[in-house]
Amino acid sequence: MGAAYDIATATVTGLMAGNEFAVAAFVHPQLHKLAHSTHAQTATPLASVLGKAMPVWYGVALVLLLGAAFEHRPLSSGPGLFIGMAAALWTVTIVFTIAMLVPINNRIAKMDPQHPYDCWLQDRSRWDQLHQLRVTLLIMAFVLLLTGLFAGAALDRNLAPLSLSLFIPLPRLGLRLPLLARAVRT
C-alpha cells in the first residue's frame with residue numbers, strides 16, 4: 001500500500017467527517033429556520049438521498065481505515081495503535097448510526113411532505129442531537145487517523161522526536177502529551 005493509500009484513507013474519512021460537520025453546523029440549523037411546510041418538503045428528499053449514499057461512504061471509509069491499521073501494524077503500539085483506535089471508533093459510530101439515527105432518518109425520508117406525521121419536528125430535533133454526537137465521534141476518529149499517519153511518516157523518516165515535538169505540544173495550554181509521544185516511539 002503506502003502513501004497513496006494513506007492519502008486516500010485520510011481524504012475519504014476527512015471528507016465524511018467534514019460533510020457530517022457541515023450538516024450539523026450549517027444545513028440543519030438553516031432548515032429549522034424555514035416554515036414547517038418548506039422544511040418538510042426539503043427534509044424528505046435530503047433524508048432519502050443521504051440515507052442511500054452515506055452507508056456506502058461509511059463502509060468504504062471503514063475498509064480503508066482497517067487497511068491502514070493493518071499496514072501500520074502492530075496495533076498494540078505506535079501508528080497502528082492510533083489508526084486501530086480510529087477504525088474502532090468508526091465502527092462504534094456506524095453501529096450507533098444504525099441503531100439510533102437510521103430509524104429516524106427512514107421515518108422522515110418516507111413521510112409525505114404535504115402531510116407530515118405529528119411528531120416529525122421532534123424527530124428532527126432528536127436526530128440533530130444524536131448527529132452532533134456522531135460528528136464528535138467522527139472527528140475524534142479522524143484526528144486519531146491523522147495522528148497515526150503523521151507518526152508513521154515520522155518513523156519512516158527517523159524524524160519521530162522532531163515531528164512529535166512539533167505535532168503534540170499544546171502551547172496555549174502549556175501542555176504536552178507525553179503519553180502519545182511514548183506510544184509512538186516503539
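The values are calculated or read from the model by the stated rules, or taken from the named source; none is laboratory data. Bear in mind the structure is a predicted one, so any value in this text is a computation, not a measurement. Neighbour counts are summed over all protein chains in view; Cβ atoms, including those assigned to glycine, are modelled from backbone coordinates with ideal geometry.
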Being hydrophobic (A, V, I, L, M, F, W, C) and surrounded by 12 or more Cβ atoms within 10 Å (Cβ to Cβ) is the filter here; which residues of region 26-42 pass it? Val27, Leu31, Leu34, Ala40
Any chance region 139-161 includes a residue that's more than 25 Å from Thr93 (Cα to Cα), more than 25 Å from the chain's Cα centre (by Cα) and modelled with pLDDT under 50? yes
Suppose we filter Trp57, Trp90 for residues that are touching a helix residue (DSSP H, G or I) at 6+ places or on another chain (Cβ under 8 Å), more than 27 Å from Gln114 (Cβ to Cβ), aromatic (Phe, Trp, Tyr) and surrounded by 20 or more Cβ atoms within 10 Å (Cβ to Cβ); which single one remains? Trp90
Could you tell me how many of the residues in region 22-37 are without any contact (Cβ under 8 Å) to a residue 24 or more places away in the chain and either assigned to a loop (DSSP other than H, G, I, E, B) or touching a Pro at 6+ places or on another chain (Cβ under 9 Å) (or both)? 3
